[in-house]
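The values are calculated or read from the model by the stated rules, or taken from the named source; none is laboratory data. Just so it is clear, the structure is predicted and the values come from calculations on it, not from any experiment. When we count neighbours, we look across all protein chains shown, and the Cβ atoms used for this are built from the backbone with ideal geometry, even at glycine.
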């Protein structure tokens, strides 16, 4: 028997074209009038942010847009958003964009509602007051941040990525509109989509998994695995777009209740030390982690693979963990993601330090196989 405490604090609204109803959804949260909308410059340039603002205007909201941040938001970006929030005094915050927009929105809310610095909230359950209500409008299919209570914020000085989690930081509503993902550049589709697949794979075998979290992992995998390469080859395929966005959301629910593993622990130092994008870093490490874990969790990997119908876009059901690892490596390569550390400018002499940094990552403790420094060093060496 596996004891657990399962929570689902986020209302999920899914469907094409539903961004037009953002204002109405915001009104459902109560007598609120002032909305801070956090959206990155790329999403603003694509015109999606304006569609959200128009809906909010039509519903009678006073709004302010914060856009001065980038991929992997830092403590400096959050501080800039906090300064605007203090001036504007919002009653509702909306994260409109990819994981960076949603994480930055959560970070601003932590500091606006509770004070202090972002570093004060590194860890779990460190909020000191109720946070403002929030809505997530993801424009990518990847991080699953819309159904997680964690903000991933990088320290601007040390470049360490801090996971700042509190159940009060969960979005009240996640609005999933596949139309918002169509304008993604192909590379962004690949990076975020593979990250979502990694979430499904790692949560399915995490030490903290529960029967309910595993149901989300499996359902996420069933949406993601057959559609990852399809959505890259057919960017206008709305069915594939919708499957990827819903799969990413379900994988986020799995993370919220089971955490991740060694692939993300190994990926984060690559981003912090070499600026390798998160999706590339995960693509580099996940196949090797699956092979490393395979002997201990073969049945779980095999069950995941067997949950999807076999076709050219899913793993060979007969091969278990080795087939899964091969599928992941080939899918990453076909999508144009990174395949070797040496090609990303990583210095081989620094692999021991990367392994030491990976050991410090919180997610390492949830890997189904206990990880040691030499294990991470071997994984990096295999990926080199």
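Determine whether residue 269 is outside the structural domain of residue 154 (by TED's automatic domain parsing), more than 13 Å from the chain's Cα centre (by Cα), part of a loop (DSSP other than H, G, I, E, B) and at negative phi. No: the conditions fail for residue 269. Looking only at residues in the range 341-384 that are part of a loop (DSSP other than H, G, I, E, B) and over 26 Å from residue 204 (Cβ atoms), the one that is farthest from the chain's Cα centre (by Cα) is 347. Considered as a group, the residues in the range 250-266 that are part of a helix (DSSP H, G or I) and under 13 Å from residue 144 (Cα atoms) include one that is nearest to the chain's Cα centre (by Cα), and that residue is 252. For the range 1-53, residues that are at pLDDT below 90 and within 30 Å of residue 206 (Cβ to Cβ) total 9. Taking residue 174, is it touching a strand residue (DSSP E or B) at 6+ places or on another chain (Cβ under 8 Å), within 18 Å of residue 39 (Cα to Cα) and buried (at least 23 other Cβ atoms within 10 Å of the Cβ)? Here the answer is yes, as residue 174 does meet what is asked.
Conditions tested, residue by residue: (1) under 24 Å from residue 269 (Cα atoms); (2) at pLDDT below 95; (3) buried (at least 23 other Cβ atoms within 10 Å of the Cβ).
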{"position": "55", "(1), (2), (3)": "no, no, no"}
{"position": "65", "(1), (2), (3)": "no, no, no"}
{"position": "71", "(1), (2), (3)": "yes, yes, no"}
{"position": "84", "(1), (2), (3)": "no, no, no"}
{"position": "88", "(1), (2), (3)": "no, no, no"}
{"position": "91", "(1), (2), (3)": "no, no, no"}
{"position": "94", "(1), (2), (3)": "no, no, yes"}
{"position": "98", "(1), (2), (3)": "yes, yes, yes"}
{"position": "106", "(1), (2), (3)": "yes, no, yes"}
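Residue by residue through the range 173-185, note down the ones that are in contact (Cβ under 8 Å) with a residue 60 or more places away in the chain and either over 17 Å from the mean Cα position of the chain (by Cα) or closer than 30 Å to residue 327 by Cβ (or both).
174, 176, 177, 178, 179, 180, 181, 183
If the requirement is being buried (at least 16 other Cβ atoms within 10 Å of the Cβ), without any contact (Cβ under 8 Å) to a residue 60 or more places away in the chain and touching a helix residue (DSSP H, G or I) at 6+ places or on another chain (Cβ under 8 Å), which of these qualifies: 19, 44?
Criteria check complete, one pass: 44.
Here residue 248 clears all of (1) within 22 Å of residue 124 (Cβ to Cβ); (2) touching a strand residue (DSSP E or B) at 6+ places or on another chain (Cβ under 9 Å) except the condition numbered (1). Taking (1) surrounded by fewer than 24 Cβ atoms within 10 Å (Cβ to Cβ); (2) assigned by TED's automatic domain parsing to the domain that holds residue 358; (3) within 17 Å of the chain's Cα centre (by Cα) in turn, residue 167 satisfies each apart from (2). With the condition kept exactly as written, say whether any residue in the range 283-297 is modelled with pLDDT of 95 or more, assigned to a helix (DSSP H, G or I) and within 18 Å of residue 186 (Cα to Cα). Scanning the range 283-297, I find at least one residue that is modelled with pLDDT of 95 or more, assigned to a helix (DSSP H, G or I) and within 18 Å of residue 186 (Cα to Cα), so the answer is yes. Just the residues that are farther than 24 Å from residue 362 by Cβ and surrounded by fewer than 24 Cβ atoms within 10 Å (Cβ to Cβ), please, taken from the range 241-260. Of everything in the range 241-260, those that are farther than 24 Å from residue 362 by Cβ and surrounded by fewer than 24 Cβ atoms within 10 Å (Cβ to Cβ) turn out to be 242, 243, 246.
Which condition number does residue 143 fail, the rest of (1) part of a helix (DSSP H, G or I); (2) buried (at least 24 other Cβ atoms within 10 Å of the Cβ); (3) modelled with pLDDT under 90 being met? Status for residue 143: all satisfied but (1).
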